[in-house]
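This report refers to the structure that appears directly beneath it.
The values are calculated or read from the model by the stated rules, or taken from the named source; none is laboratory data. Quick caveat, the model's predicted, so the values are computed rather than measured. Cβ placement follows ideal geometry from the backbone for every residue including glycine, while neighbour counts extend to all protein chains displayed. Just so you know, the surface numbers come from the protein's heavy atoms only, side chains and all, with ligands and any DNA or RNA stripped out. Shrake-Rupley method; radii C 1.70, N 1.55, O 1.52, S 1.80 Å.
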Amino acid sequence: MEIEIIAKSFKELGHPTRLRIFKRLVKAGEQGIAVGDVQEDLDIPGSTLSHHISSLVSANLIKQRREGRTLYCTVEYPNLLSLIDFLQDECCSDDSK
């Protein structure tokens, strides 16, 4: 992943509400969770939740799918793993010490 994409992802996760939403989506697993359930679980107003979900979607951290009238959110796990890999990539490789 390019550094600019990594930075945008961390920027979006740097907001406390977005981080709470993202953690809730991770907890839901690969099947995702209905937006209404996220709203209820985290007690976030609908318009606020929509704004934060849009930010996470734009950073490619989550995706959405519609089933009938219900909108589900799911973590983009390959992108999450890329963020983790970025942090671990050069772990303990500083031989200069």
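Taking the listed residues K23, K8, the one that is surrounded by 16 or more Cβ atoms within 10 Å (Cβ to Cβ), without any contact (Cβ under 8 Å) to a residue 60 or more places away in the chain and either out of contact with any strand residue (DSSP E or B) (no Cβ under 9 Å at 6 or more places or on another chain) or in a helix (DSSP H, G or I) (or both) is K8, with no other qualifying.
Scanning region 34-47 for residues that are open to solvent by 50 Å² or more (accessible area, probe 1.4 Å) and either within 14 Å of L83 (Cβ to Cβ) or of a type outside the set (D, E, K, R) (or both) yields a count of 3.
Take region 50-97 and flag every residue that is assigned to a helix (DSSP H, G or I), of a type in the set (S, T, N, Q) and open to solvent by 70 Å² or more (accessible area, probe 1.4 Å). Before you say what the answer is, go through the steps one by one.
Within region 50-97, the first condition is being assigned to a helix (DSSP H, G or I), and the residues that meet it are 50-58, 77-88.
Then drop every residue that is not of a type in the set (S, T, N, Q), which leaves 50, 54-55, 58, 79, 82, 88.
Across region 50-97, the qualifying residue is only Q88.
Restricting the first member to region 57-73 and to residues that are more than 12 Å from F22 (Cβ to Cβ) and aliphatic (A, V, I, L, M), and the second to residues that are at pLDDT 95 or above and open to solvent by 50 Å² or more (accessible area, probe 1.4 Å), the beta-carbon pairs closer than 6 Å and six or more apart or on different chains are L71/Q64.
Report yes if Q31 is part of a loop (DSSP other than H, G, I, E, B), out of contact with any Gly (no Cβ under 7 Å at 6 or more places or on another chain), open to solvent by 70 Å² or more (accessible area, probe 1.4 Å) and not charged (D, E, K, R), otherwise no. Steps first, answer last, please.
Numbers: part of a loop (DSSP other than H, G, I, E, B): yes; out of contact with any Gly (no Cβ under 7 Å at 6 or more places or on another chain): yes; open to solvent by 70 Å² or more (accessible area, probe 1.4 Å): yes; not charged (D, E, K, R): yes.
Considered against the rule, which asks whether it is part of a loop (DSSP other than H, G, I, E, B), out of contact with any Gly (no Cβ under 7 Å at 6 or more places or on another chain), open to solvent by 70 Å² or more (accessible area, probe 1.4 Å) and not charged (D, E, K, R), Q31 comes out as yes.
Just one residue in the set F10, F22, F86 is modelled with pLDDT under 95, touching a helix residue (DSSP H, G or I) at 6+ places or on another chain (Cβ under 8 Å) and not polar (S, T, N, Q); that residue is F86.
Take the conditions over 16 Å from L13 (Cβ atoms), charged (D, E, K, R) and at pLDDT below 95 and apply them to D94. Does it pass? Yes, satisfied.
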